[in-house]
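Report on the following structure.
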Amino acid sequence: MGLPSHTVENGSVLVDSGQSRLRELGYKQELKRDLSVFSNFAFSFSIISVLTGITTLYNTGLTFGGPISLVYGWFIAGGFTMFVGLSMAEICSSYPTSGGLYYWSARLAGRNWAPFASWLTGWFNIVGQWAVTTSVDFSLAQLIQVIILLSTGGKNGGGYEASKYVVITFHGAILSMHAIINSLPISVLSFFGQLAAVWNLLGVVLLMILIPSVATERASAKFVFTHFNTDNGEGINSKVYIFVLGLLMSQYTLTGYDASAHMTEETKNADKNGPKGIISAIGISIIFGWGYLLGITFAVTDIPYLLSEDNDAGGYAIAEIFYLAFKNRYGSGVGGIICLGVIGIAIFFCGMSSVTSNSRMVYAFSRDGAMPLSSLWHKVNKQEVPINAVWLSAFISFCMALTSLGSLVAFQAMVSIATIGLYIAYALPIFFRVSLARKSFVPGPFNLGRYGVVVGWIAVLWVATISVLFSLPVAYPVTSETLNYTPVAVGGLLVITVSWWIVSARYWFTGPITNI
């Protein structure tokens, strides 16, 4: 059956092509279809948020390889991420539903494997999304802590250092604000999403120019483009190993663009605009992210000092860079603190969009009966917003962050699912597309033609590669404090999901359920 690629006329009523395709897939239109292609792009771009990911994990990039890992690793991770995005966009064009990845897996895995493929993909996707929201909002809580520290004199000037209980309180307050905003009608949320995209773009441009311009001491071009930092203090000497670990910053940043797929039931002409949202969000993030990395790295002159917990920012590298740039130039670091505020607002928007994407995934997954108390989570209110799904997502993300009170190592295990777990969910439907459905897949308006299978295999192999690389130890000797808990967390999620399937779900979960 040919797929509609434009708004079609049904009698005297114009039917949106995305809505028409949704009916063909067996679902009635329940959410308000009011998002433009820019709004769809804005949600993914805001979740990728280069200001969020790079700022949060810049310490990791500096520690493992420094400028070389930052400047060149960004393009390596970005290039392969684009392969993943292109494959997802092609599938999204054919199946534009809020369920996104897990629905794709069900349609592509074949009748016999559909329920299990859908189950596995769905749970990796939804838990990965909760972990993303957890890590984003927790990073904002930590940044607020650093802003307060610098505003009260810095670590060396008797500044106030918030306890872990204060930080978790910040986290809860931020999540509550995000849930309240996401309870508003989609038209209001669309405005915030577009504002977030503009803020991220302008913020990146402002900071990449302002910081190196204000800094009294700047790194040379030779340092930025050729210096490789091997002094990581973690007992790792292999340059290849160090470079690989430095890639984590880039790959963590370039996640979350599945939001465009989850918002398709609210996007006009989603079979075309959903794919455009995915690809443009990745492409623009790669370009602007590299500019931000360059601008910040030109202000780096002393890596050990920036990473030292004894500096004014307590070891938060980018905060220290901003603070020193203005303090050395004007005698006061207030300008740097204001710049951190610009990043803080970007992170806030990132968390807001992340909750939006989470809630749509919960809505769709529960609509198909995959979640406990499913009938509760897929209800929509008078504004056509899945209100219960919104608050459930915020609550679970807060619970995941509570692990930080016991141990930051335990919390890092939760956060690791945000990268590896989510990318596994990305790779599963792509794998089914290039293997089981290689000949049966019917492309939508956006498709890769004869290159679809090749691009898909590259995407799958890249996800398999980073799943191994980011599970390697990050320090030697390996102890309970330095152990990389990524394989434990992701493996644990796999065991729980498969066990639940074998013991119970295989008897009642049949995959996506049509409601027409």
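The values are calculated or read from the model by the stated rules, or taken from the named source; none is laboratory data. Quick caveat, the model's predicted, so the values are computed rather than measured. For neighbour counting, all protein chains shown are included, and Cβ atoms are generated from backbone atoms with ideal geometry for every residue, glycine included. Heavy atoms of the whole protein, side chains included, go into the accessibility calculation; ligands, DNA and RNA do not. Shrake-Rupley method; radii C 1.70, N 1.55, O 1.52, S 1.80 Å.
The phi torsions of the range 49-55, fed into the Karplus equation with coefficients 6.51, -1.76 and 1.60 and a -60° offset, translate into couplings of 5, 4, 5, 6, x, 5, 4 Hz, rounded to whole numbers, with Gly and Pro shown as x. Over 24 Å between C-alpha atoms is what I'm after, so list which of K276/K382; K32/K439; K268/K439; K28/K439; K28/K272; K155/K222 land there. Violating the 24 Å limit, Cα to Cα: K276/K382; K32/K439; K268/K439; K28/K439; K155/K222. Shape summary of the range 234-369, radius of gyration then Dmax from alpha carbon positions: 19.6, 60 Å. Between the alpha-carbon centres of the range 75-105 and the range 296-374 there is a gap of 26 Å. Where in the range 319-359 does the amide nitrogen come within less than 19 Å of the point 7 Å from the Cα of F223, taken along Cα to Cβ? Counting backbone N atoms under 19 Å from the label point, the list is 319-330. When every Cα-Cα distance of the range 272-318 is counted in 5 angstrom steps from zero, the calculated P(r) takes the values 5, 18, 16, 14, 12, 10, 10, 7, 5, 2, 0 percent. Evaluated with a Cβ-only charge set (Lys, Arg +1; Asp, Glu -1), the chain carries a dipole of roughly 1220 debye about its Cα centre, given to the nearest 20.
Please determine, in degrees from 0 to 90 and to the nearest 10, the orientation of helix 37-48 with respect to the longest principal axis defined by the Cα atoms of the chain, where the helix direction is its Cα long axis. With rounding to tens, the tilt is 50 degrees.
As an equivalent ellipsoid, the range 305-372 spans semi-axes of 41, 14, 6 angstrom, where each value is the square root of five times an eigenvalue of the C-alpha gyration tensor, largest first.
Near the amide H of L35, within less than 5 Å, lie the amide hydrogens of T267, K268, all on another chain or at least 5 residues away, with H placed in the peptide plane. Placing R0 at 41 angstrom, the Cβ-Cβ distance between E481 and R23 gives a FRET efficiency of 0.15 after rounding to 0.05. Quick check: the angle from helix 164-182's long axis to the longest principal axis of the chain, C-alpha only, nearest 10 degrees? Approximately 40 degrees, to the nearest ten. A dipole drawn for the range 30-507 from +1 and -1 charges on Cβ atoms has a positive end, and of M249, G73, H262 the residue lying farthest that way is H262. Remark: spin-label model distance S176-E161 equals 2.8 nm, labels positioned 7 Å along the Cα→Cβ axis.
Exactly which trypsin sites (Lys or Arg not before Pro) in the range 391-450 are in a DSSP loop and have at most 12 other Cβ atoms within 10 Å?
On the way: sites: R433, R438, K439, R450; in loops: R438, K439.
Passing both the DSSP loop test and the Cβ count: K439.
Per residue, the chain exposes 37 Å² of accessible surface when a 1.4 Å probe is rolled over the protein heavy atoms with every protein chain present. Quick check on the range 398-516: take the gyration tensor over C-alpha atoms, sort the square-rooted eigenvalues as a ≥ b ≥ c, and tell me if it's rounded (a/c under 1.5), prolate or oblate. Oblate. Classified by the C-alpha gyration tensor, the range 180-251 has an oblate form. Its axis ratio a/c, with a ≥ b ≥ c, is 1.5 or above, and a/b does not exceed b/c.
Distance from the Cα centroid of the range 488-512 to that of the range 198-254 is 39 Å (rounded to whole angstrom).
Where [x] 0.97; [y] 1.00; [z] 0.94 are the candidate values, the label of the one calculated here for Rg/Rh (Cα atoms, Kirkwood Rh) is [x].
Separation of the range 401-476 from the range 132-157 is 30 Å, based on Cα centroids. One compactness figure for the range 39-156 is 1.40, namely its Cα radius of gyration divided by 2.2 N^0.38 Å.
Computed from Cα positions, the angle between helix 452-469 and the longest principal axis of the chain comes to roughly 40 degrees.
The listed peptides 259-266, 421-428, ordered by packing as a protection proxy, come out as 259-266, 421-428 (highest mean of other Cβ atoms within 10 Å first). Pairs of Cα atoms nearer than 8 Å and 6+ residues apart set the relative contact order; for the range 30-507 it is 33 percent.
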